[in-house]
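Participant: First the structure, then my questions, so here it is.
The values are calculated or read from the model by the stated rules, or taken from the named source; none is laboratory data. Here the structure is a predicted model, which means the values were calculated and not measured. Cβ atoms come from the backbone with ideal geometry, glycine included; neighbour counts cover every protein chain shown. What goes into the accessible areas is simple: the full protein's heavy atoms, side chains included, and nothing from ligands, DNA or RNA. Shrake-Rupley method; radii C 1.70, N 1.55, O 1.52, S 1.80 Å.
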Amino acid sequence: MLTKTKIYLSSPHMGGTEQNFVSDAFETNWIAPLGPNVNGFEDDLETYLGGDRYVAALSSGTASIHLALQLLDVTVGDEVLCQSFTFSASANPIIYQGATPVFIDSEIDTWNMSPELLEIAIKDRIEKYKKPKAIIAVHLYGMPYKVTEINAIANKYGIPVIEDSAEALGSKYFSKSCGALSDLGVLSFNGNKIITTSGGGALITKSQSLKDRAVFLSTQARDNAVHYEHSSIGFNYRLSNVLAGIGRGQMEVINDRVSARRSNYDFYKRELSRYNSIEFLNEPHGFYSNRWITCIKTDSYEKREHIRLALLKDDIESRPLWKPMHLQPVFKDCIHFVNGVSEELFEKGLCLPSGSNLSRNDLNRILDIIVKTPNL
Ligand SMILES: *Cc1c(COP(=O)(O)O)cnc(C)c1O
């Protein structure tokens, strides 16, 4: 009997040279944090992002968001405006700082933060409480948010933007790299992201001094002294030299990974857009998505579930789109500014398998199941 293998939503995809960098770390005994792979990986990322940013390699994307909030002095009693349609790791660090998230819904062109609602929220919070301390906007599934509009509002009110680019390494906004479009940017190298170090992240800053501050805080905030002297609270958030070695190998193939993910999207779109009940998220003019995950929006919850369960039966993983933060039990008491967009996406949307290692056979196997859906 022919047994079919499981198809994952997004699985790690090694390029081949990662083990050489890891072996170097072993041979030179650079196993502990810091070392040549960390510097090399940061250099690779800085170059890739366009050369005008400074990158600190950290232990996760979540840690990077946490440090970004720390660098912006977000503290107890502050409010932070955060995109509601996202993964919980965008918002959790706000709570770590003792601050309060205020959630902002999405707009339909990019499924990301609505500039209109953002401004309404800022005016409301200034009038009723105080000026929010930061904005966390997310390039969800690799699609850039409306950067010009969001930055214009942020500048108008003097509020810094943290750009959650965890899903968007390789995406561009009018030829400029996502992650390098605002005050502070965040990347993730978790196992399911477009490249992985098995676990890791990065903070992207505009100046060497901010990077130095991030590195200082991420390595336990040790002051300059022979003994251990501390005048600030530190974190243990630096990426290890072994894992950075995996990252260096992955950076050699990042362009291939982006092309492969984009051709998955092209395949699904070509084969499925003739069906009336399936919609795709197109790139607005000047927006370039890494298509980390190909998402579809169906015309009902029932149809979405039909497709998801039919795929599951054949051992194919798919998943509803992110459940908005304002609907999450843990954030139910948070103030939110909504318009129904993310709730509808959560109800009717599905993430299709999107790994850069999917074969044409895999894609056809997925397609054959989806097209059997009644009344597609
Ligand atoms: C993955 C992800 C994070 C967190 O990154 P980790 O490296 O897993 O901590 C943050 N935000 C978004 C949008 C993500 O997808």
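Participant: Among Y129, Y54, Y157, which one moves the most in a GNM of the chain with springs linking Cα atoms closer than 10 Å?
Facilitator: Largest GNM mean-square fluctuation: Y129.
Participant: Now a separate question. Relative contact order for segment 129-259: what is it in percent, counting Cα pairs under 8 Å that are at least 6 residues apart? Let's see the in-between values first.
Facilitator: Details: 215 pairs, mean separation 22.6, N = 131.
Taking the mean separation of contacting Cα pairs over the length of segment 129-259, I get 17 percent.
Participant: If you take all C-alpha pairs in the chain, what percent of them are over 36 Å apart?
Facilitator: Numbers: 16572 of 70500 pairs.
The share of Cα pairs beyond 36 Å in the chain comes to 24 percent.
Participant: Can you find, among S171, N361, H285, the residue farthest towards the positive end of the dipole of the chain? Put +1 on the C-beta of Lys and Arg, -1 on that of Asp and Glu.
Facilitator: Result: N361, furthest along the dipole toward the positive end.
Participant: How high is the relative contact order of the chain? Use alpha-carbon pairs under 8 Å, at least six apart in sequence, and give a whole percent. Spell out each step's value before the answer.
Facilitator: Values: 829 pairs, mean separation 91.7, N = 376.
That works out to 24 percent.
Participant: E252: net charge of surrounding residues, Cβ under 11 Å, Lys/Arg +1, Asp/Glu -1, itself excluded? If you can, show how the numbers build up before the last one.
Facilitator: On the way: positive: R248, R257; negative: E18, D44, D256.
Residues close to E252 contribute a combined charge of -1.
Participant: How much accessible surface area, in Å² rounded to 10, belongs to the heavy atoms of V226 with a 1.4 Å probe?
Facilitator: 140
Participant: Still on this model: Considering only DSSP states other than H, G, I, E and B, which chymotrypsin sites (Phe, Trp or Tyr not before Pro) in segment 267-347 qualify as loop sites with at most 16 other Cβ atoms within 10 Å?
Facilitator: Answer in residue order: Y275, F280.
Participant: Given +1 on the Cβ of Lys and Arg, -1 on the Cβ of Asp and Glu, and no further charges, what dipole in debye does the chain carry about its Cα centre, rounded to the nearest 20? Don't skip to the end; give the middle numbers.
Facilitator: Numbers: 39 positive and 44 negative charges, 117 e Å.
Rounded to the nearest 20 debye, it is 560 debye.
Participant: Local charge sum around N20 (other residues, Cβ-Cβ under 15 Å, Lys/Arg +1, Asp/Glu -1)? Before the final figure, lay out each step's value.
Facilitator: Working: positive: R248; negative: E18, D24, E27, D44, E252.
Residues close to N20 contribute a combined charge of -4.
Participant: Taking each pair of distinct Cα atoms in segment 125-279 once, what is the resulting Kirkwood hydrodynamic radius in Å? Don't jump to the answer; show the numbers that get you there.
Facilitator: Details: mean 1/r = 0.0549 Å⁻¹.
Here the Kirkwood hydrodynamic radius works out to 18.2 Å.
Participant: To continue, here is another question. Of S209, S198, S106, which has the largest mean-square fluctuation in a 10 Å C-alpha GNM of the chain?
Facilitator: S209
Participant: Express the Stokes-Einstein translational diffusion coefficient of segment 254-371 in µm² s⁻¹, to the nearest whole number, given a Kirkwood radius over alpha-carbon pairs, 25 °C and a viscosity of 0.890 mPa s. Could you put the intermediate results ahead of the total?
Facilitator: On the way: Rh = 15.4 Å.
The diffusion coefficient I find is 159 µm²/s.
Participant: Continuing with this model, one more query. Just going by the charge dipole of the chain, with Lys and Arg at +1 and Asp and Glu at -1 on Cβ, which of T86, A180, P320 is farthest out on the positive end?
Facilitator: P320
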